[in-house]
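Q: Let me give you the structure first, and then I'll get to my questions.
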Amino acid sequence: MKQPTARGNVSALLLEITTGEPPAADKVKHLEDAVRTALARTADVVVEDDLQLTLFCLYELHYSGLDGAAEGWEWDPGLIRVRQLIEAVFEERLRTAVVVDAAPEPTSDAVAAELFRMTGEDTGPSMSRFVAREANAEQLREFLIQKSIYQLKEADPHTWAIPRLTGRAKAALVEIQADEYGGGHPDRMHSALFARTMRAVGLDDTYGAYIDAAPAITLASTNMMSLFGLNRRLRGAIVGHLTAYEMTSSQPNRLYARGFARHGYGEDATGYFEEHVEADAVHEQIAGRDLAGGLVEADPRLLGDVLFGAAAALLVDSWMTRHIMDAWAEGRSSLQPDRSFAA
Amino acid sequence: MSPADPAPRAGDARSGPPAASIVACPDGPLLVRGEFEVVTPDGEALPRTRRTVALCRCGASVLKPYCDGSHKLIGFKTEPPAP
């Protein structure tokens with residue numbers, strides 16, 4: 001990913017460190033101290049730009065890497081320690097905010113039914129209805145820029161979980177992910193279909209091209225997936241997260257497609273959304289019963305984290321939606337200020 | 001038939017596992033896995049872009065014969081409500 005622009009002293013320090021060679025113990029210690037200070041000072045880590053960008057960059061070392069960063073930084077013990085400092089506060093913030101109000105029997109059917117119930121409840125403003133009926137051309141582009149932070153690496157954070165699962169749950173996750181990755185056809189990968197949509201509306205489809213435009217809440221939404229995906233102890237949460245995503249996708253994507261068609265865009269723009277209507281109607285069934293349900297049947301202790309991951313996915317996405325819709329309601333951009341990416 | 005093949009099951013004329021399986025999802029579609037073809041009433045193969053498909057069972061999908069999740073919007077139930 002291209003080097004983002006720093007948003008404060010913590011991310012500036014990290015970017016400076018990673019352009020050199022590891023180890024750099026003194027500088028990393030300095031970074032750790034700065035992170036501790038920033039964490040102590042922040043009122044809400046979810047919307048703290050400097051810390052969310054820092055966490056995003058630390059995770060990115062495990063995905064596409066950072067342009068100009070030495071690859072040896074990925075497993076540098078000092079940077080892992082810094083990552084864990086931010087992760088601990090971030091996870092605590094999520095666990096405090098998320099409400100899980102039911103504990104179904106640890107059976108496949110009961111877990112699937114509870115997840116369908118949770119994801120079927122209306123939670124806050126609807127982005128999809130607005131996009132379908134009202135969003136103007138600039139808002140559609142802004143919507144894609146916001147989504148691009150995750151969708152250009154769609155499915156990757158959940159893939160970390162595959163070797164941590166066994167049996168029915170593992171087979172289910174691989175079945176879903178194989179479809180996400182195009183079933184052997186690179187041009188049908190969901191990330192590739194999203195890139196095609198971006199090109200169709202004249203946006204740059206390079207991964208990370210709009211990282212500087214993404215507000216903290218958008219980075220936090222993707223960081224949450226990496227947090228759940230990269231920590232084995234949170235395998236229940238990443239499974240719950242994916243299940244919630246699959247269960248809240250078919251109908252919104254039909255409405256997104258309608259919004260782009262309303263503005264005269266063709267299949268090259270709407271194809272990504274139309275694909276998800278059909279794909280996720282399949283995936284939600286596999287995810288509910290075989291992935292989430294199968295995991296809980298194999299290890300009932302993970303039930304709480306499966307529900308937590310699902311509820312966290314819904315809650316953080318409702319925060320992100322609110323951030324965007326509030327900005328639009330006030331007639332301004334939801335992207336980072338002083339940048340003109342949507343123009 | 002190779003020596004490693006499992007014995008035919010009772011009532012099953014073929015050997016080995018079935019070529020396809022269908023899961024009747026509670027309050028949802030029919031999930032079809034394996035080797036199969038979805039055809040029109042005239043026998044023409046319908047376009048299919050994924051290995052496992054969900055077939056509409058509630059009648060409300062706009063992508064029929066495939067599921068589009070509409071069963072959740074119309075409150076489709078596969079079992080009668082408890083008395």
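Q: Considering A:GLU105, A:GLU114, which residue is touching a helix residue (DSSP H, G or I) at 6+ places or on another chain (Cβ under 9 Å), within 30 Å of A:GLY288 (Cα to Cα), assigned to a loop (DSSP other than H, G, I, E, B) and at pLDDT 95 or above? Lay out the reasoning, then the answer.
A: Working: A:GLU114 fails: assigned to a loop (DSSP other than H, G, I, E, B).
Being touching a helix residue (DSSP H, G or I) at 6+ places or on another chain (Cβ under 9 Å), within 30 Å of A:GLY288 (Cα to Cα), assigned to a loop (DSSP other than H, G, I, E, B) and at pLDDT 95 or above holds for just one of A:GLU105, A:GLU114, which is A:GLU105.
Q: Further question: Show me the helices (runs of 4 or more DSSP H) entirely contained within region A:216-302 in which 2 or more residues are within 14 Å of another protein chain (Cβ to nearest Cβ) and in contact with a strand residue (DSSP E or B) (Cβ under 9 Å, 6 or more places away or on another chain).
A: Numbers: elements: A:216-230, A:235-247, A:250-262, A:267-285, A:293-298.
Of the helices (runs of 4 or more DSSP H) lying wholly inside region A:216-302, those with at least 2 residues that are within 14 Å of another protein chain (Cβ to nearest Cβ) and in contact with a strand residue (DSSP E or B) (Cβ under 9 Å, 6 or more places away or on another chain) span A:267-285.
Q: Going by what's in this entry, would A:ALA103 be described as over 29 Å from A:ASP205 (Cβ atoms), open to solvent by 70 Å² or more (accessible area, probe 1.4 Å) and not assigned by TED's automatic domain parsing to the domain that holds A:VAL35? Explain how you work it out, then say what you get.
A: Numbers: over 29 Å from A:ASP205 (Cβ atoms): yes; open to solvent by 70 Å² or more (accessible area, probe 1.4 Å): yes; not assigned by TED's automatic domain parsing to the domain that holds A:VAL35: yes.
So A:ALA103 passes the test.
Q: Looking only at region A:39-60, count every residue that is open to solvent by 20 Å² or more (accessible area, probe 1.4 Å) and either touching a helix residue (DSSP H, G or I) at 6+ places or on another chain (Cβ under 7 Å) or touching a residue at least 40 places away in the same chain (Cβ under 8 Å) (or both) and tell me the total.
A: Of region A:39-60, the ones open to solvent by 20 Å² or more (accessible area, probe 1.4 Å) are A:39-44, A:47-49.
Checking which are either touching a helix residue (DSSP H, G or I) at 6+ places or on another chain (Cβ under 7 Å) or touching a residue at least 40 places away in the same chain (Cβ under 8 Å) (or both) leaves us with A:39, A:42, A:44, A:47-49.
Qualifying residue count, region A:39-60: 6.
Q: On to the next question. Based on this model, can you work out whether A:ARG93 counts as surrounded by fewer than 18 Cβ atoms within 10 Å (Cβ to Cβ), assigned by TED's automatic domain parsing to the domain that holds A:SER191 and more than 30 Å from A:ALA261 (Cβ to Cβ)? First the steps, then the outcome.
A: Details: surrounded by fewer than 18 Cβ atoms within 10 Å (Cβ to Cβ): yes; assigned by TED's automatic domain parsing to the domain that holds A:SER191: no; more than 30 Å from A:ALA261 (Cβ to Cβ): yes.
Criteria not met by A:ARG93.
Q: In this structure, is A:GLU71 loosely packed, with under 14 Cβ neighbours inside 10 Å and touching a Gly at 6+ places or on another chain (Cβ under 8 Å)? Lay out the reasoning, then the answer.
A: Values: loosely packed, with under 14 Cβ neighbours inside 10 Å: yes; touching a Gly at 6+ places or on another chain (Cβ under 8 Å): yes.
When the stated conditions are applied, A:GLU71 passes them.
Q: When you check B:ALA4 against the structure, is it more than 8 Å from chain A (Cβ to nearest Cβ), more than 20 Å from A:SER249 (Cβ to Cβ) and at pLDDT below 90, yes or no?
A: On the way: more than 8 Å from chain A (Cβ to nearest Cβ): yes; more than 20 Å from A:SER249 (Cβ to Cβ): yes; at pLDDT below 90: yes.
Answer is yes for this residue.
Q: Here's a follow-up. When only residues in region B:36-83 that are aliphatic (A, V, I, L, M) and open to solvent by 50 Å² or more (accessible area, probe 1.4 Å) count, which is farthest from A:GLU180 (Cα to Cα)? Give the steps one after another, and end with the answer.
A: Initial filter on region B:36-83 (aliphatic (A, V, I, L, M)): B:38-39, B:45-46, B:53-55, B:60, B:62-63, B:73-74, B:82.
Add one more test, that the residue is open to solvent by 50 Å² or more (accessible area, probe 1.4 Å), and what stays is B:39, B:45-46, B:62-63, B:73-74, B:82.
Details: B:VAL39: 25, B:ALA45: 24, B:LEU46: 21, B:VAL62: 22, B:LEU63: 19, B:LEU73: 25, B:ILE74: 27, B:ALA82: 38 Å.
Among those residues, the one meeting the criterion is B:ALA82.
Q: So which residues in region B:50-66 are more than 7 Å from chain A (Cβ to nearest Cβ) and not small (Gly, Ala, Ser), if there are any at all?
A: Residues of region B:50-66 more than 7 Å from chain A (Cβ to nearest Cβ): B:55-62, B:64-65.
Residues satisfying the conditions are B:LEU55, B:CYS56, B:ARG57, B:CYS58, B:VAL62, B:LYS64, B:PRO65.
The values are calculated or read from the model by the stated rules, or taken from the named source; none is laboratory data. Source: prediction; values computed, not measured. Backbone-built Cβ (ideal geometry, glycine too); neighbour counts: all protein chains shown. We work out accessible area using only protein heavy atoms, side chains counted, and drop any ligands, DNA or RNA first. Shrake-Rupley method; radii C 1.70, N 1.55, O 1.52, S 1.80 Å.
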